[in-house]
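The values are calculated or read from the model by the stated rules, or taken from the named source; none is laboratory data. This is a predicted model, so every value here is computed, not measured. Don't worry about glycine lacking a Cβ; one is built from the backbone with ideal geometry, like all the others, and counts go over all protein chains shown. Please note that ligands, DNA and RNA were not included when accessible areas were found on the heavy atoms of the full protein model with its side chains. Shrake-Rupley method; radii C 1.70, N 1.55, O 1.52, S 1.80 Å.
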Amino acid sequence: MSTTNLGLPQLAADQAQKHVIVNEALQLLDGIVQLSVKDRGVTMPPVSFTDGDRYIVASGATGAWTGWDGRVALYTDGAWLQLSPCIGALPWCSKL
């Protein structure tokens, strides 16, 4: 089960380890709300990055981003997470 617009995971009535689901939802919210990205049009993860970095993945992505074309890549908790912004989302890109 997930929310309609942001696809956030929802708790089940008998959910064990509720903190896992809540923490996952908070990570997704942190990554997608007030979206700003470091760069757009990149096809592979950068060599240097820090927790919280986000990029718009271009067509023809490779490496850890293979198949993520048009999505937002968020680096969090030591791994890349794929985000799918809603239609109409307007990200701020710090690299012009």
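Among the residues of segment 30-68, write down those that are closer than 23 Å to Pro9 by Cα and assigned to a loop (DSSP other than H, G, I, E, B).
Val33, Gln34, Leu35, Asp51, Gly52, Asp53, Gly67, Trp68
In segment 19-35, which residues are surrounded by 10 or more Cβ atoms within 10 Å (Cβ to Cβ) and either modelled with pLDDT of 85 or more or within 24 Å of Asp69 (Cβ to Cβ) (or both)?
Answer for segment 19-35, where residues must be surrounded by 10 or more Cβ atoms within 10 Å (Cβ to Cβ) and either modelled with pLDDT of 85 or more or within 24 Å of Asp69 (Cβ to Cβ) (or both): Glu24, Gln27, Leu28, Leu29, Asp30, Gly31, Ile32, Leu35.
Going by the conditions given, is Asp14 of a type in the set (D, E, K, R), surrounded by fewer than 17 Cβ atoms within 10 Å (Cβ to Cβ) and touching a Ser or Thr at 6+ places or on another chain (Cβ under 6 Å)?
The answer is no for Asp14.
Cβ-Cβ below 8 Å, separation at least six or inter-chain, first residue in segment 11-36 and polar (S, T, N, Q), second open to solvent by 70 Å² or more (accessible area, probe 1.4 Å) and in a loop (DSSP other than H, G, I, E, B): which pairs?
Gln27/Asp77; Ser36/Ser94
Pairs please, first residue from segment 78-96 and modelled with pLDDT under 85, second anywhere and small (Gly, Ala, Ser), Cβ atoms under 7 Å, 6+ apart in sequence or on different chains.
Sorted first by the residue in segment 78-96, then by its partner, the pairs are Ser94/Ser36.
Taking the residues in segment 37-55 that are farther than 17 Å from Gly67 by Cα and over 11 Å from the mean Cα position of the chain (by Cα) as candidates, determine which candidate is least open to solvent (accessible area, probe 1.4 Å).
So, considering only residues that are farther than 17 Å from Gly67 by Cα and over 11 Å from the mean Cα position of the chain (by Cα), the one least open to solvent (accessible area, probe 1.4 Å) is Asp39.
One residue is enough: does segment 59-73 have a residue meeting the conditions in contact with a helix residue (DSSP H, G or I) (Cβ under 6 Å, 6 or more places away or on another chain) and open to solvent by 30 Å² or more (accessible area, probe 1.4 Å)?
Within segment 59-73, none of the residues are in contact with a helix residue (DSSP H, G or I) (Cβ under 6 Å, 6 or more places away or on another chain) and open to solvent by 30 Å² or more (accessible area, probe 1.4 Å).
Can you list residue pairs whose Cβ atoms sit under 6 Å apart, with the first residue in segment 47-69 being without any contact (Cβ under 8 Å) to a residue 24 or more places away in the chain and over 18 Å from Ala89 (Cα atoms) and the second being in a loop (DSSP other than H, G, I, E, B) and acidic (Asp, Glu)? Count only pairs 6 or more apart in sequence or on different chains.
Taking only residues 6 or more apart or on different chains, the pairs are Ser59/Asp69; Ala61/Asp69.
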